[in-house]
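The values are calculated or read from the model by the stated rules, or taken from the named source; none is laboratory data. These figures come from a predicted structure and were not determined experimentally. As a convention, Cβ positions derive from the backbone with ideal geometry for all residues, glycine included, and neighbour counts pool all protein chains shown. In case anyone asks, the SASA skips ligands and DNA or RNA and just uses the protein heavy atoms, side chains included. Shrake-Rupley method; radii C 1.70, N 1.55, O 1.52, S 1.80 Å.
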Amino acid sequence: MFRYFRLFRHPLSLHLSVITFKCGSTNQLSQRNFITLESFWKNLLRPDFLWHFWTLVRLRYRLIWAHARTGNGRIALFFVLYLLGGLLALFISFGGFGLAYGMVGNGQGESVARWVLASLFINGIGLSLLFGLGSREAFSEDSLRRYPLNSQERFIVRHAIGLLDPIWLILVAGAFGLAIGFARAGYGSILIGFPAVFLFIIANYLMTAVILSIVGIMMQTRTGSALLGTAVILLVSFGPLAIASLITTRRLEVWQAFDHLLQLTPPGAAAAIIVSDGAARVLGGAFLLFLWSLILVYALIKLEGRPRASQTAASGSIIWNDFYDQFGNLLGGKYGPLVSKSLRYHLRCNFIRFSLITSPIIVLMGKVLFPGQGPESFLLISLAIFFMLSSATGAALMFNLFGYDSAGIRRYGILPIPFADALRAGSLASLFLRAIAVFVAFALWLIFYTTRALNWQMVIMILSVAFGSLFLFNALGLWTSVFSPKRLDFDAMLNNRLSFGANVVVIVGILIPFWGTMVLAHRIGQSVLLRFWWIACLILIFCIGFYALLQWVIERLLKSRRERLINLVAGASDK
Amino acid sequence: MDTILEAPNREASRDREGPGETSHSLAISVENLTKLYGDVTAVDNLSFDLPTGRLFGFLGPNGAGKSTTIGCLTGLIDPNSGTINLLGEQFTSDSTELKRRIGVMPEGLALFDHLYAHEFLAFNARMYGLDEQTVRGRVEELLTVLGLNSAHHKRLAQFSTGMRKKVAFAAAIIHRPEILFLDEPFESIDPAGVAMLKDWLRRFVAGGRTVFMTTHVLETVERLCDDVAIIKAGHIAWRGDVGRLANGGTLECNGQQFTTLEALFLHLVGERYEHLEWL
Ligand SMILES: Nc1ncnc2c1ncn2[C@@H]1O[C@H](COP(=O)(O)OP(=O)(O)OP(=O)(O)O)[C@@H](O)[C@H]1O
Ligand SMILES: [Mg+2]
């Protein structure tokens, strides 16, 4: 019944009727688990499906366009285009031409292509984990069920539209740059290279989707989350160490073994197609890439077909005064219930749990993130990483405080509290959870990074910068939560895109410390940095002040914005 | 223990006096209320008064502006113009003290889907400042009497439509409000549940409190409400006492007499029996 209503109130309903009438499709909604590989391919080529698909793709861009016509949207679009353009230029010039030209001379063309593509591949997965993979909610499984599409068709539409995401465009550009570069250097041909790049990106997307699905399934249970968290921490912390020690002892063998292994992966297969001239190797690569895609599609179908774990409490009777209530009691009657509700909500959300578990790991990636830096820049890099800890990994929680409330956001309007209290309580809960992440990260940092001498200035600097960044981005999060909110799907690991505004904050919050460190690393030594340790304290004070100020400002602006915010998050079409 | 349900008093509710006789003060007073959504006028210069102790039925066709009116009266929506007085005080969306004295079951229910029923109800009760012992007592009692006890290991997202509605109803009454706003309370609740809710509402108003509700079930309105308004395109098209139907009386509108509320409603809204060729 609800869905029926939504259908007619939804802006897409117009398009729905267009599709229905034009195609007169007789497909009934079928069982989700019913997808097989054969039916998958059959469906891919049905003409009426192609028409549906085309209509939905057009719809997606129409929605983007509709958004771009709003004031906020235009700024965001400009920003995103600017960023995309810059990245494209960067990738094509460095990633493609430069590398290809430089290395082809050594006769190592294919190997280089392999490693470059492998790093693109890993970037694709990493970026998707950061920004969320997939398209908007309008194209989620539940929304697509409203259209005359069967389960296979929904699968294809969802993932094809997910693949049209800007993130993937960046990777496509990088890989195209590589193909063009090699073709110009006389290796392979563009005619073959382009389809290979295309298939490569598909495989990359599929791999990401598979990984995210597995993560999603694991995050549904507490044991699963704990397991996953431990596994990731171990992998990220000891993995590079193990590899490094292997490489120092048996450099050549290890290198060759990796290179060999890589040949069997999608990057290796794509590199073979792009670079080599022999028909046999090209065909072999194509076969391998195709096989990978097939296996991944199969895995994805199987994973998505799994029923959702039911979210039932273990105990049969009501437990009063659990951890959340106790925590709430600490804050008193005014904010207590709100904050404990917020904590309950966030700690039950797979996506947020995942981001909380994984975010301290950024500390361990310092060496990977800023390669080629000496011990002199150790402190600066650590500072940059603790700054990014809040900007890069806390977005799902901080930048969209009401996003998971859906229709529940109306409750704040009914309750005998100023709406600003709800915002403040959400922000408090987010500060609290993210502060835990900071402490865990700090503990990890102490364990893994302080083979060098540690002094009190360092500790103060790191903690000040970490908490300064926490306050700074929670302040900006207040802003995006109110002015650029987005309704999110509580259960999904996929389809959880940030709003444009939040994306802008995240990207700037990553780029500034990143470039800042790259530029300053060779100019400022550790001793100079340590002499000015008190600046970090000033930064912390400034950020807390900024947080307080922004809270004050936004609470004043909230009144005029409140109704719109409620409608956006509750979804005016889904009362 | 302080209970929500008072001693049964089944007779009292039917033998009520006509409108205006029992009450001395106004529960709700609305003047020139207008709400625009772009070009659409959802509520059009609406004015009415409602004395305390009434069970007020607010009827009208889909899209007439019922939910929008409830939204304005409960602080969910800011009207473009007009004044609202609740319990003798001016009400705006910032009136937190007044909000404490009203209970709301809004359109769409406004549940937090990922809480368990008892967590949600306790959250609401605590927000209204009830003490912890009362919170627990009322939550457990409500879940039991509403037949939700066996389901409290499920999150609200996994509740059926009717169960969700019962939870939202419980959240609206848990703090014993003086005015209760209910948007389509009976739709999709099972017959036994509806019978119980009706009984509760009768006792609620018998205790001198006020109910403002919308519904599309006219039969229920005839038997339950004292006072009924039918709105059409954002303004009141008819207002009167439907209690007299029970005593064999009729309802009058535009000089015509109607023996049922349905006949009156169809007269106002216009009967439509168009049929679809292709169906
Ligand atoms: N958030 C909104 N944005 C734009 N228009 C809206 C919004 N909410 C309601 N409307 C419009 O206001 C008018 C009144 O809607 P309302 O929901 O109050 O009707 P209703 O009487 O409750 O109908 P129903 O019986 O279907 O619940 C309708 O024309 C509706 O389209
Ligand atoms: Mg309504």
Exercise. When the distances between all Cα atoms of segment B:113-214 are binned every 10 Å from zero, what whole-number percent does each bin get?
Worked result: 15, 48, 34, 3
Exercise. Taking the Cβ-Cβ separation of A:R556 and A:I436 as r and a Förster radius of 45 Å, what is the calculated FRET efficiency to the nearest 0.05?
Worked result: 0.90
Exercise. Mind checking the mean number of beta-carbon atoms from other chains within 10 Å of the Cβ atoms in A:346-352?
Worked result: 1
Seminar exercise, completed: Expected unfolding gain across A:R281-A:L303 under the 0.36 nm per residue rule, minus the alpha-carbon gap, is 4.7 nm
For this session: Taking 20 Å² as the minimum loss, tell me which residues in segment A:395-427 lose that much accessible area going from the chain by itself to the full protein complex (1.4 Å probe).
Result: A:A407, A:G408, A:R410, A:R411, A:G413, A:I414, A:L415, A:P416, A:I417
Exercise. Which value, in square angstrom to the nearest 100, describes the accessible area buried between chains B and A on both sides, using a 1.4 angstrom probe?
Worked result: 4000
Seminar exercise, completed: In whole angstrom, the spacing between the Cα centers of segment A:491-552 and segment A:212-226 equals 30
Seminar exercise, completed: Heavy-atom accessible area per residue of chain B, all protein chains kept, 1.4 Å probe, expressed in Å², is 42
Exercise. Over the Cα atoms of segment B:2-269, what Rg and Dmax result, in angstrom?
Worked result: 18.2, 57
For this session: Can you tell me which of B:153-160, A:173-180 comes out highest on packing, and rank the rest after it, using the mean Cβ neighbours within 10 Å?
Result: A:173-180, B:153-160
For this session: Net charge near A:I192: determine it from the other residues with C-beta under 12 Å of the C-beta of A:I192, scoring Lys and Arg +1 and Asp and Glu -1.
Result: 0
For this session: Write down the Å³ per residue value for the convex hull defined by the alpha carbon atoms of segment B:74-144.
Result: 112
For this session: Using a 1.4 Å probe on the heavy atoms of the protein chains only, list every residue of segment B:98-120 that has 40 Å² or more less accessible area in the complete assembly than in its chain alone.
Result: B:K99, B:E107, B:G108, B:A110, B:F112, B:H114, B:L115, B:Y116, B:H118, B:E119
Exercise. With charges only on Cβ, +1 for K and R and -1 for D and E, what is the dipole size of segment A:369-521 about its Cα centre, in debye, rounded to 20?
Worked result: 220
Problem set entry | Beta bridges per DSSP with both ends in chain B, % antiparallel, nearest 5 | 60
Exercise. Could you state the per residue volume, in Å³, of the convex hull enclosing the Cα atoms of segment A:323-574?
Worked result: 129
Seminar exercise, completed: Hydrodynamic calc, segment B:142-279: Kirkwood Rh from Cα pairs, then Stokes-Einstein at 4 °C with viscosity 1.567 mPa s, so D in µm² s⁻¹ is 75
Problem set entry | Over 20 Å (Cα to Cα) - which of A:K559/B:K66; A:K559/B:K35; B:K35/B:K66; B:K198/B:K232 fall in this group | A:K559/B:K66; B:K198/B:K232
Exercise. Of all chymotrypsin sites (Phe, Trp or Tyr not before Pro) in segment A:494-566, which ones are in loop regions per DSSP and have a Cβ with at most 16 other Cβ atoms within 10 Å?
Worked result: A:F532
Seminar exercise, completed: Sparse-neighbourhood loop hits (trypsin sites (Lys or Arg not before Pro), segment A:412-456; DSSP loop; Cβ within 10 Å at most 13 others) -> A:R452
Problem set entry | Candidates B:R126, B:R209, B:R54, ranked by Gaussian network fluctuation over chain B, Cα under 10 Å, top entry | B:R126
Seminar exercise, completed: Measuring from the longest principal axis of the C-alpha atoms of chain B, the long axis of helix B:132-145 (C-alpha) lies at a number of degrees, nearest 10, equal to 60
Exercise. Of B:L76, B:F112, B:G207, whose Cα points farthest to the positive end of the dipole of segment B:2-269 (charges on the beta-carbon: +1 Lys, Arg; -1 Asp, Glu; origin at the Cα centre)?
Worked result: B:F112
